[in-house]
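Please read the structure below before turning to the comments.
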Amino acid sequence: MITRIVKMQFHNDKLNEFFLLFDKINNKISSFEGCHGMRLIQDESDPCILFTYSVWEDSEALDKYRNSDLFLKTWPIVKLLFSRKPEAWSCAERYNGFK
């Protein structure tokens, strides 16, 4: 399993546009083959900073999603809403204390 964390910073006037788009696609991403779920997290001090936190079966599943029509059609739209270049990390879980 790998966790993919993507930090995105949006123009203030584009935030609602992103939320509308996200509401349309989040279930498609979460139910994509190899995805074990996704969260959207918003920074408390700067609401224009959002993170996606998704868990994937392996890097091949993530790559399959990143090469899918869903991603290739959606990501260019989302990129237009950014105020800064996004950052992304693929991480291996070392400890899970969630209950």
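The values are calculated or read from the model by the stated rules, or taken from the named source; none is laboratory data. Quick caveat, the model's predicted, so the values are computed rather than measured. FYI the Cβ positions are ideal-geometry reconstructions off the backbone, even for glycines, and counts take in every protein chain you see. Heads up: the accessible areas ignore ligands, DNA and RNA and are worked out on the full protein's heavy atoms, side chains in. Shrake-Rupley method; radii C 1.70, N 1.55, O 1.52, S 1.80 Å.
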> If you rank Ser45, Ser68 by how much accessible surface each has, with a 1.4 Å probe, what is the order from largest down?
Replying inline: Ser45, Ser68
> Separation between the Tyr53 and Asn67 pseudo-spin-labels, each 7 Å from Cα along Cα→Cβ, expressed in nm?
Replying inline: 3.0
>> Given a 1.4 Å probe and heavy atoms of the protein chains only, how would you sort Trp75, Trp56, largest accessible area at the top?
In response: Trp75, Trp56
> If you take the beta carbon distance between Glu44 and Ala92 as r and set R0 to 25 Å, what does 1/(1 + (r/R0)^6) give as a FRET efficiency, to the nearest 0.05?
Replying inline: 0.40
>> As a test question: what accessible area, to the nearest 10 Å², does Lys73 have when a 1.4 Å probe is rolled over all protein chains in place?
In response: 140
>> Can you give me the convex hull volume of the Cα atoms of segment 30-99, divided per residue and expressed in Å³?
In response: 123
> Using modelled backbone amide H atoms (1.01 Å from N, in-plane), which distant-in-sequence or interchain residues come within less than 5 Å of Ser83's amide H?
Replying inline: Gln9, Phe10, His11
> Which of Asn12, Leu70, Ser54 sits farthest toward the positive end of the charge dipole of the chain, with +1 on the Cβ of Lys and Arg and -1 on the Cβ of Asp and Glu?
Replying inline: Asn12
> Under the rule of -39500 (n - 2.57) per DSSP H run of 4 or more residues, summed and divided by the residues of the chain, what mean residue ellipticity at 222 nm is obtained, to the nearest 500 deg cm²/dmol?
Replying inline: -11000 deg cm²/dmol
